[in-house]
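The structure appears below as structure tokens.
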Amino acid sequence: MSTRTISADAPIGVFDSGVGGLTVARAIRDQLPNESILYAADTAHTPYGPRPIAEVRELALGILDGLVESGVKMLVIACNTASAAVLRDAYERYDVPVVEVIGPTARSALSITRNGKIGLIGTTATIESGAYNEHFAASPEVTLSSQACPRFVELVEAGQTSGPETLRVAEQYLAPLIANNIDTLVLGCTHYPFLRGALRQVVGPGVALVSSDIETANLVFEKLTEHHLLRDPKGGPPTIRYETTGGDTSEFVRLAKRMLGIGGDSLGPIVHGTAPVVAQRPQVDDSP
């Protein structure tokens, strides 16, 4: 790990396999409107969930290495699967603060539950990694029920966040957790907040839904403050840039605008690190 001077004017690097991490990026923008963001999406290899953890680790570290080389002041791993695969490496590997989504979300769930019965939904890789289990293990009064939901990411990426088919899939996945009388449900994938309406309808109003976007943004604010890296509001307008490994940038922009109402200052290929590179660097209209 090299040592360098970290500039408060540098962007925050946010990484996800696809569009799910945009929920985290949006929460960071809402809470820290003066901060610049460089969002890197490995759309050429999404979804990460079905992939072996070793493969996810190789893909994620390639892009994270590139983000650090490009000069970001912080890394936000806005992907549960990637967090489970590279978290220990990331803390030791990089000389910038690292924030991930699993710890903040688990701590929030522990503070919310009333009966100690927490449900967890996530990708197959996240569930099989046991990454969340480690955070709940220190609370023996808590019972964690986990369920892999591989089709949820596919539905979100297709823009199918409501309707009979989405409800049917949600009912099938959540039935075992509801049977365990959970009072808190952890949305263990950053894609899942897009399905909040369907999930709420299935579990009912008595179950608290805990997602990673707001909790992670809170931790980003805390870490930037701790390391004296908050950007000066007088430093001019912040920049927002999105980079993808996949060639179909129009689909990424369409989903970003449809689901979050945001585009970006610019969008183009990932031009650093070891991820595949696409040929074009189109500009994105950020008008409503």
Is at least one residue of region 46-68 farther than 20 Å from Thr105 by Cβ, of a type outside the set (Phe, Trp, Tyr) and modelled with pLDDT under 90?
-> yes
Count of region 198-216 residues which are among the charged types (D, E, K, R) and surrounded by 16 or more Cβ atoms within 10 Å (Cβ to Cβ) = 2
Hits in region 1-24 - residues which are aliphatic (A, V, I, L, M) and modelled with pLDDT under 90 = Met1, Val19, Leu22
State which residue pairs qualify: first residue within 20 Å of Thr190 (Cβ to Cβ) and in contact (Cβ under 8 Å) with a residue 40 or more places away in the chain and inside region 108-126, second residue open to solvent by 10 Å² or more (accessible area, probe 1.4 Å) and of a type in the set (Lys, Arg) in any location, beta carbons under 7 Å apart, and separation of 6 or more residues or different chains.
-> Ala125/Arg51
Return only the number of the condition from (1) out of contact with any helix residue (DSSP H, G or I) (no Cβ under 6 Å at 6 or more places or on another chain); (2) farther than 23 Å from Leu185 by Cβ; (3) open to solvent by 40 Å² or more (accessible area, probe 1.4 Å); (4) of a type outside the set (D, E, K, R) that Asn34 does not satisfy.
-> (1)
Taking region 224-257 and keeping residues assigned to a helix (DSSP H, G or I), at pLDDT 95 or above and buried (at least 18 other Cβ atoms within 10 Å of the Cβ) leaves Leu224
Filter region 37-60 down to residues that are open to solvent by 10 Å² or more (accessible area, probe 1.4 Å) and assigned to a helix (DSSP H, G or I) and give me whichever is farthest from Lys257 (Cα to Cα).
-> Ala54
Given Leu167, Leu195, Leu219, which one is in a helix (DSSP H, G or I) and open to solvent by less than 10 Å² (accessible area, probe 1.4 Å)?
-> Leu195
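The values are calculated or read from the model by the stated rules, or taken from the named source; none is laboratory data. Small disclaimer: the values here were computed from a predicted structure and weren't measured. Every residue, glycine as well, gets a Cβ built from its backbone with ideal geometry; the counts of neighbours run over all protein chains shown. Note: areas computed on protein heavy atoms with side chains; ligands, DNA, RNA excluded. Shrake-Rupley method; radii C 1.70, N 1.55, O 1.52, S 1.80 Å.
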